[in-house]
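The values are calculated or read from the model by the stated rules, or taken from the named source; none is laboratory data. As the structure is a prediction and not an experimental result, all values here were calculated from the model. Cβ: placed from backbone, ideal geometry, glycine included. Neighbour counts: every protein chain shown. SASA here: full protein model, heavy atoms, side chains in, ligands and nucleic acids out. Shrake-Rupley method; radii C 1.70, N 1.55, O 1.52, S 1.80 Å.
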Amino acid sequence: MNLLNLAKRTASGVVIVLITILSMWFHTPFFYIFLALLGTAMAWEWENMVSKKTTGLSVFIAGVTSVNIL
């Protein structure tokens, strides 16, 4: 892993932690919306890691599922 990649990952981690803290601070609707978006983003990342071709179907399903669970 090169230094630029490490810097990008560290910066994105800091941003995610700050957004998490802010969403918990403002309570119910914001935290649940954040969880739904985070679940959708994780599904998109997983699909990019395991598949060469991204269809977006699994991301859509994960997003709908996250919203329905909440």
ask   = Restricting attention to region 2-23, does a residue exist that is surrounded by 10 or more Cβ atoms within 10 Å (Cβ to Cβ), touching a residue at least 24 places away in the same chain (Cβ under 8 Å) and part of a helix (DSSP H, G or I)?
value = no
message = List the residue pairs whose Cβ atoms are under 9 Å apart, where the first residue sits in region 46-66 and is over 23 Å from Y32 (Cα atoms) and open to solvent by 50 Å² or more (accessible area, probe 1.4 Å), the second is of a type in the set (A, V, I, L, M) and assigned to a helix (DSSP H, G or I), and the two are 6 or more positions apart or on different chains.
response = none
